[in-house]
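**Q** Handing you this structure, nothing more for now.
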Amino acid sequence: DAGVTQSPTHLIKTRGQQVTLRCSPKSGHDTVSWYQQALGQGPQFIFQYYEEEERQRGNFPDRFSGHQFPNYSSELNVNALLLGDSALYLCASSLLPDPTNEKLFFGSGTQLSVL
Amino acid sequence: DAKTTQPPSMDCAEGRAANLPCNHSTISGNEYVYWYRQIHSQGPQYIIHGLKNNETNEMASLIITEDRKSSTLILPHATLRDTAVYYCIVRVHGANNLFFGTGTRLTVIP
């Protein structure tokens, strides 16, 4: 049973560029959430996708956008990269709506460095 | 979501019980206490959650005080593989997102 997979594992970009990160949820899961984790901090919620739509969004600018595909996989896009966007980007999957399934399963993340 | 307060770091001897405290004095009646941990270079991993009763699973035990203003995560026999950052989170059941703080860095010492 495959867990949450993210690609690429590492990425280096320069300021102003655009980046796309990818996530495949755990088998059987239909909901994907994205988190940003700066060095030394806990993960911060970016947004969540369910049924190919954004359900909820954290306090992130519109430069951060996403997409969910019919197979439940998801992409995170960041435009006009800033140095401060350097972070570990984590994808988490779950099954909704299922109030008994309260566990989020996280991938190992994509380490983005903006130079 | 209510905020939580955790000590920044703790040490525990291998084989001993690790007791990680968490204060959540502003928790609401419909908010659950969740614990996740993050081992270096990995994503967070779910450990356990509870509302007001004590809970136990194969990984840990969760003790919640009667007034629900604090809780303790117990790893009964810590191993070196338990070295990680442990996050205590309060969350409305079924809410879409988790609010992580900075957690407690637990170091298990041989």
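**Q** Under a 1.4 angstrom probe, counting protein chains only, how are A:Thr31, B:Thr4, B:Thr102 ranked by accessible area, largest first?
**A** Most to least solvent-accessible, the answer reads B:Thr102, B:Thr4, A:Thr31.
**Q** Additional query: At what distance in angstrom do the alpha carbon centres of the stretch B:79-110 and the stretch B:1-53 lie from each other?
**A** One Cα centre to the other: 5 Å.
**Q** Further question: How shielded is A:33-40 by partner chains, expressed as the average number of their Cβ atoms within 10 Å of its Cβ atoms? Each step should come with its number before you reach the end.
**A** Details: counts 3, 0, 5, 0, 4, 0, 0, 2.
Per-residue shielding by partner chains comes out at 2.
**Q** Right, something else. According to a simple spin-label model (label point 7 Å from Cα along Cα-to-Cβ), what is the distance in nm between A:Leu115 and A:Lys13?
**A** The modelled label-to-label distance comes out at 1.5 nm.
**Q** Give me the distance in nm between label points sitting 7 Å out from Cα along the Cα-to-Cβ direction at B:His93 and A:Leu95, one decimal.
**A** 1.8
**Q** I need two numbers for the protein assembly as shown: Rg to one decimal and Dmax as a whole number, Cα atoms only, in Å.
**A** In Å, with Rg to one decimal and Dmax whole: 17.7, 52.
**Q** How do A:Glu52, B:Glu55, B:Glu31, A:Glu75 stack up against each other in accessible area, from largest to smallest, with a 1.4 angstrom probe?
**A** Largest accessible area first, the list is A:Glu52, B:Glu55, A:Glu75, B:Glu31.
**Q** When you look at the Cβ of every residue in A:103-109, what mean number of other chain Cβ atoms sits within 10 Å?
**A** Rounded to a whole number, the mean comes out at 5.
**Q** Let me ask you something else. Loop only by DSSP, 14 or fewer other Cβ within 10 Å of the Cβ. Give me the trypsin sites (Lys or Arg not before Pro) in the stretch B:54-91 that pass, ordered by residue number.
**A** Hits after loop and neighbour filter: B:Lys69.
**Q** With the convex hull built on the Cα atoms of the stretch A:12-115, state its orientation-averaged projected area in nm². Write out the running numbers ahead of the final one.
**A** Working: hull surface 25.7 nm².
Average of the hull's projected areas for the stretch A:12-115 equals 6.4 nm².
**Q** Same structure, new question: For the stretch A:3-47, list residues with backbone N below 12 Å from a point placed 7 Å from the Cα of A:Asn71 toward its Cβ?
**A** The answer is A:23-25.
**Q** Mind ordering B:9-15, B:103-109 by average Cβ neighbours within 10 Å, highest first?
**A** Ranked by mean Cβ neighbours within 10 Å, highest first: B:103-109, B:9-15.
**Q** Applying 1/(1 + (r/R0)^6) with R0 = 22 Å to the Cβ-Cβ distance of B:Ser28 and A:Arg55, what FRET efficiency is obtained, to the nearest 0.05? Don't jump to the answer; show the numbers that get you there.
**A** Numbers: r = 22 Å, r/R0 = 0.98.
Between B:Ser28 and A:Arg55 the formula returns 0.55.
**Q** In cubic angstrom, how much convex hull volume per residue do the alpha carbon atoms of chain B span?
**A** It comes to 92 Å³ per residue, whole-number rounded.
The values are calculated or read from the model by the stated rules, or taken from the named source; none is laboratory data. Just so it is clear, the model here is predicted, and its values are computed rather than measured. Neighbour counts run over all protein chains shown; Cβ positions are idealised from the backbone, glycine included. The area values use the complete protein model at the heavy-atom level, side chains included, leaving out ligands, DNA and RNA. Shrake-Rupley method; radii C 1.70, N 1.55, O 1.52, S 1.80 Å.
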